[in-house]
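Below you'll find the structure, written out as C-alpha cells, and then a few comments.
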Amino acid sequence: MSVRTTSTVPTLTTMLYRYVIQCHRKARRFPALLLFTNNNGKKCWSSFVKKWNTCEALTLRVSLATPPALIETGIIQKKLLSNQTPINYNTQCWKCHKTRSPNKDIFFCFCGAILSPSKNLTYFKLLGLEEGFEIDSDILTRRYKDLQRILHPDKFSQKSEMERTFSAEQSSLVNLAYTTLLKPLSRGQYLLDINGCSLDETTQCDDFDFLSNIMRTNEDLENVINVEELRIIEDLNIRNLNQCYEILSEAFRQKDLVGAKEVLMKLKYFVNIDDKIKEMELYESL
C-alpha cells in the first residue's frame, strides 16, 4: 500500500505509516492500515491524530498541537494528552464506546461486541450465583458450560484480533471462576479473599490435639495393608469433611470470617488426606 507525502512535510505521512505498522506488530490491537492522503501536511497530521485517538488499544495519546518536529526516526515522541481521557475497557464498550452496565453488559455489549473482562465482578456474579459458601454444583456446571458455548475462542476464529483476544480472556476467566467455586476449599478461600480475610500459605493451625490426630491418620495411611482398613480411614475423613462444610456454611452465613478461617485451616488437612487416599492403589478396590 502506497502512502502519499506532501511538499510541506515530505516525510510526515511515511513516518506515521511506519509507526502505525510498528504499533500494530507490537500491540497487536492497533489497526494495521491507516491512509494519509490529504493534500495538506497539517490536515494530514490532524487526520492521523483524530484516527489515533479513536483507537482504544493503546494508552498513548498525541495532542493535535504536537508539531511534526517531534517526529524523529519514524517514532513519535510520547506525549500524553492532559485534556483527554483514554477509553476505559472496564467501563466502556471498545466498539461503540457506550458506557457498560455493570449488571447487564458482562460479556457482550448491546451492540453485539464481545467485551473485555470486567475487573469489578466476583466469580459468583460472573457465573450468575448468589455469593455464599453453599452452592448447587449442578447449576454451577450448567452455567459454566452455557457460557463456554458462547465465549469459547473457536466461536471467534473469524473475528477481529481484538474480539479473539477478549474471547480468550473471557473464556479463561470463566474457567478460573468455575474451578475456584467448584471445590469447597478453594470456594471458602475465595470468599475470605473477597471479604478481606485471606488464608495464605503461611497461615498455620495451632491446635495441638488436632494436628496430633492428623499425624496419626497419615501414619495409618502409610501402614494400611488392605481395603477394609483404607475404607475405615476414608469414612472417618469423609465425616470430618462434611462437618467442616456444615460449620463453614454457618460461619459464612453469620459473616464470621475469623471462625471460617479457622475451619478452612483444618479443612486443608482433611482435603490433603482425601487426596492421598485417592492416589493409593487400594483405592481402586473400594
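The values are calculated or read from the model by the stated rules, or taken from the named source; none is laboratory data. Just so it is clear, the structure is predicted and the values come from calculations on it, not from any experiment. Glycine also receives a Cβ, built like all others from the backbone with ideal geometry; neighbour counts cover every protein chain displayed.
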Task: Sole residue being modelled with pLDDT of 95 or more, within 30 Å of K125 (Cα to Cα) and out of contact with any Phe, Trp or Tyr (no Cβ under 6 Å at 6 or more places or on another chain), chosen from L248, L267, L199 - done: L267
Task: When residues of region 118-148 are limited to those that are part of a helix (DSSP H, G or I) and among the charged types (D, E, K, R), the one surrounded by the fewest Cβ atoms within 10 Å (Cβ to Cβ) - done: D138
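Could you check how many residues of region 101-117 are acidic (D, E) and loosely packed, with under 12 Cβ neighbours inside 10 Å?
Step one: list which residues in region 101-117 are acidic (D, E), which gives 105.
Now restrict to residues that are loosely packed, with under 12 Cβ neighbours inside 10 Å: none.
Of the residues in that region, 0 qualify.
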Task: Cβ-Cβ under 6 Å pairs, at least 6 apart or on other chains, region 255-282 side within 18 Å of T217 (Cα to Cα), far side part of a helix (DSSP H, G or I) and among the aliphatic types (A, V, I, L, M) - done: L267/L185; Y269/I214; F270/L241; V271/L185; K276/L221; L282/V227; L282/L230
Open item on the list: Could you list, ordered by first residue, the pairs with Cβ atoms under 6 Å in which the first is in region 198-226 and over 13 Å from Y269 (Cα atoms) and the second is in a helix (DSSP H, G or I) and not aromatic (F, W, Y), at least 6 apart or interchain?
Closed with: S198/L192; L199/Q189; L199/L192; L199/K261; L199/L264; D220/I233; L221/K276; V224/L230
Open item on the list: So, in region 79-117, exactly how many residues are at pLDDT 85 or above and on the phi < 0 side of the Ramachandran plot?
Closed with: 17
Task: Failed criterion for L176 (all others in (1) in a loop (DSSP other than H, G, I, E, B); (2) under 30 Å from W94 (Cα atoms); (3) of a type in the set (A, V, I, L, M, F, W, C) hold) - done: (1)
Open item on the list: One residue is enough: does region 236-258 have a residue meeting the conditions surrounded by 11 or more Cβ atoms within 10 Å (Cβ to Cβ), touching a helix residue (DSSP H, G or I) at 6+ places or on another chain (Cβ under 9 Å), not assigned by TED's automatic domain parsing to the domain that holds E134 and not in a helix (DSSP H, G or I)?
Closed with: yes
TODO: Looking at (1) outside the structural domain of D256 (by TED's automatic domain parsing); (2) polar (S, T, N, Q); (3) loosely packed, with under 14 Cβ neighbours inside 10 Å, find the lone condition where N226 falls short.
DONE: (1)
